[in-house]
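Visitor: Pasting in a structure now, in structure tokens, and then I'll have a few things to ask.
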Amino acid sequence: MGLLDRFKKALKKTREAVTGSLFSVFRGSLDEDKIEEIEDALLSSDVGVKTTEALIEALRTAWKRRELKDAAEARPFLMKQLQQRLASVGSELRWAAEKPTVILVVGVNGSGKTTSIAKLTQHLHDQGKKVVLGAGDTFRAAAVEQLSIWSKRIGVEIVKQAQGADPAAVAYDAADAAVSRNADVLIIDTAGRLHTQENLMRELEKIRRVIGKRIPGAPHETLLVLDATTGQNALQQARLFHQSAPVSGIFLSKLDGTARGGVVLSIQDEMDLPVKFIGLGEQPTDIEPFDAASFVEALFS
Ligand SMILES: Nc1nc2c(ncn2[C@@H]2O[C@H](COP(=O)(O)OP(=O)(O)OP(=O)(O)O)[C@@H](O)[C@H]2O)c(=O)[nH]1
Ligand SMILES: [Mg+2]
């Protein structure tokens, strides 16, 4: 199955939701009433206010210049606009100039951090990269065990300490191990936290600091894992989290089975934060690197 087909499959529910509200509007003549109808349909599909406004303005301008003759032509026009807006944000991982590249994974409780790490590990492992994992969630009893099981299944090394250990100490050890074992990538798991939990946000800062001490410039990537099923709340969460800790990209989990996939577009467009990967299930292979052009096409086709 090609990338476009995989996106189409994953976005089935989102597409049905978008199609339900959007597709009936791309019929008949294009006029001011129709443009307002399209605007309402976009707003109800989790594309987001800012993105919708920009798209509608471009649509109205093109209509006034008589570049579009009917509503059917508005659809490919909007797709192209959206693809252009999204393509400007790079969704490649930021690689360190010198290995190891360190990826710190953060987010609220249950957003899918640990599972997403398993997926990212599988993805990089399949590309022949040597991955080391750091079990930085020392808070939850089963967290270290959960990551250990994934590491065994995928066949990568893990650095861990007992539950209750200082996560920054684990991160330092992991950074040390990644260097001495000549790893390409170190991925560090963290406990779930809210941006309002000051002590936990300070803990995150400490983790960053110690990794940077062992590996200058690290972490090179801080991925915020967001649960797509929460729709516009995921966007709000991203905004607040990003205000209290640096984030360089989004891993959007649980896109399978949700009708809220449109949120990808608003996160990327309104926050200038690239969606780098999407999660499409509970298995390590259920991951796709994000690609704006295919995503928009899958969503609107
Ligand atoms: N359907 C689906 N389920 C997912 C996906 N990603 C994660 N999950 C499920 O979501 C639940 C929580 O995932 P975890 O990876 O444990 O989340 P976490 O953020 O590490 O949770 P804490 O460590 O407790 O904060 C698990 O049941 C996962 O199987 C996904 O892309 N699709
Ligand atoms: Mg976890």
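The values are calculated or read from the model by the stated rules, or taken from the named source; none is laboratory data. Keep in mind the model is a prediction, meaning the values are calculated, not measured. Note: ideal-geometry Cβ built from the backbone for every residue, glycine included; neighbour counts use all protein chains shown.
Visitor: Within region 202-227, track down each residue that is away from ligand 1 (no atom under 15 Å from the Cβ) and touching a Lys or Arg at 6+ places or on another chain (Cβ under 7 Å).
Guide: Residues satisfying the conditions are Pro219, His220, Glu221.
Visitor: Here's a follow-up. Mind checking whether some residue in region 126-144 is basic (Lys, Arg) and surrounded by 18 or more Cβ atoms within 10 Å (Cβ to Cβ)?
Guide: Among the residues of region 126-144, not one is basic (Lys, Arg) and surrounded by 18 or more Cβ atoms within 10 Å (Cβ to Cβ), which makes the answer no.
Visitor: Check Ile149 against each of (1) surrounded by 15 or more Cβ atoms within 10 Å (Cβ to Cβ); (2) over 22 Å from the mean Cα position of the chain (by Cα); (3) aliphatic (A, V, I, L, M); (4) within 16 Å of ligand 2 (Cβ to nearest atom) and name the one condition it does not meet.
Guide: Unmet for Ile149, out of (1) surrounded by 15 or more Cβ atoms within 10 Å (Cβ to Cβ); (2) over 22 Å from the mean Cα position of the chain (by Cα); (3) aliphatic (A, V, I, L, M); (4) within 16 Å of ligand 2 (Cβ to nearest atom): (1).
Visitor: Can you find a residue in region 20-38 that is surrounded by fewer than 18 Cβ atoms within 10 Å (Cβ to Cβ) and touching a residue at least 60 places away in the same chain (Cβ under 8 Å)?
Guide: No.
Visitor: Taking Gln197 as the residue in question, decide whether it is within 13 Å of ligand 1 (Cβ to nearest atom) and at pLDDT below 95.
Guide: Yes; evaluated as a whole, the condition is true for this residue.
Visitor: Mind listing just one residue for me: the one in region 72-116 that is among the β-branched types (Val, Ile, Thr) and more than 16 Å from ligand 1 (Cβ to nearest atom) and, of those, surrounded by the fewest Cβ atoms within 10 Å (Cβ to Cβ)?
Guide: So the residue we want is Val89.
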